[in-house]
C-alpha cells in the first residue's frame, strides 16, 4: 500500500498561525516525548532576499518562530565547508572540509587520478574518507548520533552536502525507513553513473521504497539539474512527502528528516537576467523563482507532516549554507565602475606561475599543460604549478570567492608568492598557515594566521599554506541595500552578472536562519550571533543527546532561542595583522558569544563589504 499525500491547503497556515507574544524568557517545558526534527537547507539563500511574496513559508517561520537576526556562515563561505559544520558542529580545522575543491595529495580513483578534486560527489567523498579515515570528518554527525539514540533518520537533497551529513548512510539500501543506516536519497540516487560516465556510488532504492519510486514520482531517478531546479527537487520532494514521511509516522519512532535544496544556489550561479552587468545580478526574476522553488519544497514537507499528525511534535530549523554575491570580472576603479571582463578563469594560478617563472598544469584535464600563449586557461581555475605536474612547487585549488594555495615547494615558495599577493589588486583578505609563521612571521606581514578563523585544528587533511579571499564591493546603481548589491571578484568560469560566493564579505557570511516548533520561542528575534556550527548542538540539546569527536573548534547550543532560554551576552571583537608592504593589513571583525567566535567580515579595509575598518 502506497501512502497518499493529502494536499491540505490550510495545513501550513494552521501550523504556523501562532499568536505573537513577547520575547521574554518563559519557564522550561515539562518533560515531553522525543521530538521529531526537520532540518531544511536552502543552498545559497540570503537573509535579506526573503519576502512574503517570494518565500511566504520561510517568511512566516521567521516572523512566527525564531528569527536569527545575527546569522553566520562558516568561512570559506562555500557549500561542503558549511555542510561539514551543519553535520558535526565543528569548524573546518577539525573537519578538514576546508572548501568545495581541495588538494588531497593522493590520486582520487573516482576523479580519474586527480590530486585536486571537487568534493560535491558521493563517489569522491567515499574515496577521500577511505584514504584519510579519522583524519577527515572524524566527528560523530548529528544524524549518526540520532540514529544511535534510536531515531529514524532520512536524508534528502543535493549530492555531496547531503552525504556529508552521514557518510555511512551512503550504504543504506533504502528498503524501509527503519533501515539501520537510515534513508538516503540525493540527486545521484538510482543513477549508477554521472553524466560524464564516472560512477556516482550513491544509493539504489530497493524493496518497498524502491517500488514507491514509480508510484509517487513516475520516474526511476531524479532529473538532472535545471534553472530553476524544479523537476529534480520535485522528485526528491515527492519521495519525502508521499513515501518517507507517511512511513515515518507509521513507524511510531522519533525521527530526523534532513532536506538540502539545491536551489536557489544552482539557479543563482547560472542566472542570466543581467549577464555582463552587475545589476540586477542575482536579484532578478530567475533567482526569485529559485527561492520560491525551495520555499515550495519546505511547504510541502510541512503539509505532509501536518497530514500525518506529526507537526505538533516537530521542531523545524531552516538555514542556508552561505550567502551570495554577483560576479564581477574586473577590479573597480575609484568611482566603483568595473571593466566588463579582465580576470580570466584561473587568474590566480596564472599569476603564480608567472611569479615563479614556471609551468602550469590543469588537474581537471588529466594534468594537461596550460599554454597561455594559445589562449588556454585552467578549465576549473585550479592548477598544478611547477616544472612538471608530478613535482609541483605550488598548487591552487579554486573555490570561487576564495582560493587555496598549497606549497609543496616549501616556505621559500610560499614567501615568494605572498610577496606578490600583498600587491595584487584583486586580493581582499589574506590568511597564512600558522606553521609558516613560526620562524619569521614578518615574511607574511599583512596576513592573519589561519587559526584566527578556525582553519587549523584536529584534521589531518593537507592544509593550505595561504588562503586568499577575493575583493568585494557594492555594485553601482543597485538600490536594494549593500548585502543584496554586493559584487565579488571570483575565480570561476561563470560570467559577470551571474552568482558566486566564498569571500569573507558580510554578503557571503550572512545566511538565512530561522526555526519554529514546540521547543523554540514564538515571535522571537534572536540578537545573539548564531552560525551553522551551532545547529547540531542546538538540536542535540533538544534531543538530549551528545556529539563526540576529535577537536575543540565547536559551536554552541543556541539556548537563548529555546523556550525558557536566557539571553546570551556577546561582544564585538577585532583582530588586525601586522602591516605588510605599503601598509597592507588584514582585519578580522567578529563577535564572541559563550566563548565561540562568529566571523562577520575580514579583509583589507576598503576591499571587503561589511568590514567597518577604514
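The values are calculated or read from the model by the stated rules, or taken from the named source; none is laboratory data. Because the structure is a prediction, the values reported are computed rather than measured. Every residue, glycine among them, receives a Cβ derived from its backbone with ideal geometry; neighbour counts consider all protein chains shown.
In this entry, residue 340 passes the filter for residues that are over 18 Å from the mean Cα position of the chain (by Cα) and either at pLDDT below 95 or assigned by TED's automatic domain parsing to the domain that holds residue 401 (or both).
Looking at segment 34-78 only, could you name the residues that are in a helix (DSSP H, G or I) and over 18 Å from the mean Cα position of the chain (by Cα)? It would help to see each step written out before you state the result.
Within segment 34-78, the subset in a helix (DSSP H, G or I) is 47-49, 56-64.
Across segment 34-78, the qualifying residues are 56, 57, 58, 59, 60, 61, 62, 63, 64.
In the set (1) in contact with a strand residue (DSSP E or B) (Cβ under 8 Å, 6 or more places away or on another chain); (2) surrounded by fewer than 22 Cβ atoms within 10 Å (Cβ to Cβ); (3) at pLDDT 95 or above, the condition left unmet by residue 549 is number (3). Counting the residues of segment 55-88 that are closer than 30 Å to residue 118 by Cβ and either surrounded by fewer than 24 Cβ atoms within 10 Å (Cβ to Cβ) or not assigned by TED's automatic domain parsing to the domain that holds residue 310 (or both) gives 1. Can you confirm whether segment 209-225 contains a residue that is within 22 Å of residue 78 (Cβ to Cβ), under 22 Å from the mean Cα position of the chain (by Cα), crowded, with 23+ Cβ neighbours inside 10 Å and at pLDDT 95 or above? Within segment 209-225 (the criterion being within 22 Å of residue 78 (Cβ to Cβ), under 22 Å from the mean Cα position of the chain (by Cα), crowded, with 23+ Cβ neighbours inside 10 Å and at pLDDT 95 or above), the answer is no, since none of the residues qualifies. Residues that are in contact with a helix residue (DSSP H, G or I) (Cβ under 8 Å, 6 or more places away or on another chain), surrounded by fewer than 24 Cβ atoms within 10 Å (Cβ to Cβ) and either modelled with pLDDT under 95 or in a loop (DSSP other than H, G, I, E, B) (or both) within segment 278-322 comprise 308, 309, 310, listed in sequence order. Of all residues assigned to segment 547-568, at least one qualifies as being in a strand (DSSP E or B), outside the structural domain of residue 406 (by TED's automatic domain parsing), over 30 Å from residue 228 (Cβ atoms) and within 18 Å of the chain's Cα centre (by Cα).
So which residues in segment 425-443 are closer than 25 Å to residue 343 by Cα and buried (at least 19 other Cβ atoms within 10 Å of the Cβ)? Scanning segment 425-443 gives 426, 427, 428, 429, 430, 431, 432.
Each row is one residue, and each column tells you yes or no for (1) buried (at least 20 other Cβ atoms within 10 Å of the Cβ); (2) modelled with pLDDT under 95; (3) out of contact with any strand residue (DSSP E or B) (no Cβ under 8 Å at 6 or more places or on another chain).
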position: 367; (1), (2), (3): no, no, no
position: 372; (1), (2), (3): no, yes, no
position: 378; (1), (2), (3): yes, no, no
position: 402; (1), (2), (3): yes, no, no
position: 405; (1), (2), (3): yes, no, no
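When residue 348 is tested against (1) assigned by TED's automatic domain parsing to the domain that holds residue 488; (2) assigned to a helix (DSSP H, G or I); (3) surrounded by fewer than 24 Cβ atoms within 10 Å (Cβ to Cβ), only condition (3) is not met. For segment 164-184, a residue qualifies if it is without any contact (Cβ under 8 Å) to a residue 40 or more places away in the chain, over 22 Å from residue 131 (Cα atoms) and in contact with a strand residue (DSSP E or B) (Cβ under 7 Å, 6 or more places away or on another chain), and the qualifying residues are 174, 182, 184. Among the conditions (1) out of contact with any strand residue (DSSP E or B) (no Cβ under 6 Å at 6 or more places or on another chain); (2) crowded, with 23+ Cβ neighbours inside 10 Å; (3) on the phi > 0 side of the Ramachandran plot, residue 197 misses just one, which is (2).
If you check residue 386 against the conditions, is it touching a helix residue (DSSP H, G or I) at 6+ places or on another chain (Cβ under 9 Å), more than 26 Å from residue 505 (Cα to Cα) and modelled with pLDDT of 95 or more?
Considered against the rule, which asks whether it is touching a helix residue (DSSP H, G or I) at 6+ places or on another chain (Cβ under 9 Å), more than 26 Å from residue 505 (Cα to Cα) and modelled with pLDDT of 95 or more, residue 386 comes out as yes.
State whether the residues of segment 122-134 include one that is assigned to a loop (DSSP other than H, G, I, E, B), within 17 Å of residue 95 (Cβ to Cβ) and outside the structural domain of residue 408 (by TED's automatic domain parsing). The answer is no; no qualifying residue exists. For segment 351-388, the set of residues classified as under 30 Å from the mean Cα position of the chain (by Cα) and in a loop (DSSP other than H, G, I, E, B) consists of 366, 367, 377, 378, 379, 380, 381, 382, listed by residue number.
Restricted to segment 573-592, and to residues there that are under 24 Å from the mean Cα position of the chain (by Cα) and outside any loop (DSSP other than H, G, I, E, B), the residue that is surrounded by the most Cβ atoms within 10 Å (Cβ to Cβ) is 588.
Each row is one residue, and each column tells you yes or no for (1) within 22 Å of residue 288 (Cβ to Cβ); (2) out of contact with any strand residue (DSSP E or B) (no Cβ under 9 Å at 6 or more places or on another chain).
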{"residue": "186", "(1), (2)": "no, no"}
{"residue": "214", "(1), (2)": "no, yes"}
{"residue": "217", "(1), (2)": "no, yes"}
{"residue": "241", "(1), (2)": "no, yes"}
{"residue": "248", "(1), (2)": "no, no"}
{"residue": "254", "(1), (2)": "no, no"}
{"residue": "258", "(1), (2)": "no, no"}
{"residue": "263", "(1), (2)": "yes, no"}
{"residue": "266", "(1), (2)": "yes, yes"}
